[in-house]
1. With 10 angstrom as the radius, rank Met387, Met145 by how many other C-beta atoms surround their C-beta, starting from the fewest.
2. How would you classify segment 97-165 from its alpha-carbon gyration tensor, with a ≥ b ≥ c the square roots of the eigenvalues: rounded for a/c under 1.5, else prolate if a/b is greater than b/c, otherwise oblate?
3. With the dipole of segment 264-413 worked out from charges on the C-beta (+1 for Lys and Arg, -1 for Asp and Glu) around the Cα centre, which of Val393, Ala268, Ala378 lies farthest toward the positive end?
4. Just to confirm a number: summing +1 for Lys and Arg and -1 for Asp and Glu over residues other than Leu197 whose beta-carbon lies under 9 angstrom from that of Leu197, what do you get?
5. Taking square-rooted eigenvalues a ≥ b ≥ c of the alpha carbon gyration tensor, is segment 264-413 rounded, prolate or oblate, where a/c under 1.5 means rounded and, failing that, a/b exceeding b/c means prolate?
6. Where both partners of a DSSP beta bridge lie in segment 9-252, what percent of those bridges are antiparallel, to the nearest 5?
7. When a/c is below 1.5 the answer is rounded, else prolate if a/b is larger than b/c, else oblate, so apply that to segment 9-252 with a ≥ b ≥ c taken from the square roots of the Cα gyration tensor eigenvalues.
8. If you filter segment 220-287 for chymotrypsin sites (Phe, Trp or Tyr not before Pro), then keep DSSP loop positions with at most 11 other Cβ within 10 Å, what is left?
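All of the numbers you see were taken from the coordinates with simple rules; none came from a lab. Everything numeric in this text was worked out from a predicted model, so none of it was measured. Cβ placement follows ideal geometry from the backbone for every residue including glycine, while neighbour counts extend to all protein chains displayed.
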Amino acid sequence: MNYQARPRVAITGLGAVTPLALNVEGTWEGLVNGRSGVALITQFDASDLPCRIAAEVKGFDPVQYVSFKDARRMARVSLLALAAAREAIADAGLSTPVPEPERTGVLIGTGMGGFERAAEALELYRAKGLRGVGPFAFLACVPNMPAYHVGLDIQATGPLSTIVSACATGTQAIGEGAEWIRRGAADVVLAGGAEGLVHVATVGGFAVLRGLSLRNHEPERACRPFDAERDGFVIGEGAGVVVLEELEHARARGAEIYAEVLGQASSADAFHPAAPDPDGAGAVRAMRWALEDAQVDPEQVDYINAHGSSTPLNDATETKAIKTLFGEHAYQVAISSTKSMLGHLMGAAGAVEAIVTVLTIKHGIIHPTINYETPDPACDLDYVPNMARRAEVNLALSNSFGLGGQNACLVLGKYTDSRHQT
């Protein structure tokens, strides 16, 4: 690859729907102020489950985005993705339909898609037979529907695809979207992830796996990444979408450039369906390859938005991986976990966390890892505990490590006219 000649990839639009707010601005404000979006579950009766807490999107009214009829036909994941995409496209200053449909791509990932619609259809079939199942039940549940609905909404006719890689989905979708631009397949790409699965089956399933926090009596303190008293993650929902744009294309139309995607990579643990490789080798590979793709050294990294899921194994393994790759510089890098406040948004997590990383670069503020109270000897790095911190961040990593040993990493950098990759 001729790094000097390849197109540069700018981020020109941001959109998010999260447990803290229905937009990017409110989400960022909540994160900087250390506010948790975790509470008791309201979407179903969780009283019989060992875990009764989640990070739900609050006050979301799909009829603000689509007709009442379409809202009934679409899965929650598609509705959340559409809302985030509309904010991102407006933020980028692009009109809809998009001006250059064949040069505009959509790459929206999800972990499980519209699973709840499949579950509803199965219940109706058991109760009423085939006549009880609506014609849109199957269409609502397949994982590529969020990308389809976003593409339809903006009338993009360029590349269209869906990433499904568990917790690494959103990060990998943005990375692959950048590759579309690098290889000349598109000038503009809407990329990100969405998830809408605060559902009895998913909460119950993760509880059986013993992956969830059981701090039902104090929901806001349940997600505590890197803290010695962490007891599991908190499931969440939401969506994050960014507008990626070939740099010269963005410059030509006078777009605001938030940051650049400098590098990206994914890797596999090839170890276990749920537990991370205890040596963190897969995570090391993803981070190292992303830095090599960006043509930067580990010592240049100022900040890492960690996967930081609040599980005993993951947090210790991620810490070990960072120390393995960065050496002594690991102790100089600021690290924080967005999940401490948003919970684990599954397929949307990496996309929202990439947006947060971009805002960290833009504003020079690192949001805290809240609920960090008891140090863990296995987690001995700088996790920016409990209070936001002002710092100049020129180069940052955004990490996502998922079920099935799927790892993804983005290298995001401050935009400068003079940046050259060699």
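1. On the way: Met387 13, Met145 23.
So the residues, fewest neighbours to most, are Met387, Met145.
2. Numbers: a/c = 4.93, a/b = 2.35, b/c = 2.09.
It comes out prolate by the Cα gyration axes.
3. The Cα lying farthest towards the positive end belongs to Val393.
4. Around Leu197, the charge tally is -2.
5. Numbers: a/c = 1.35, a/b = 1.15, b/c = 1.18.
The shape class here is rounded.
6. Numbers: 18 of 29 bridges.
Roughly 60 percent of the DSSP beta bridges within segment 9-252 come out antiparallel.
7. Note, shape of segment 9-252 comes out oblate.
8. Details: sites: Phe226, Phe233, Tyr258, Phe271; in loops: Phe226, Tyr258, Phe271.
Qualifying residues, ordered by number: none.
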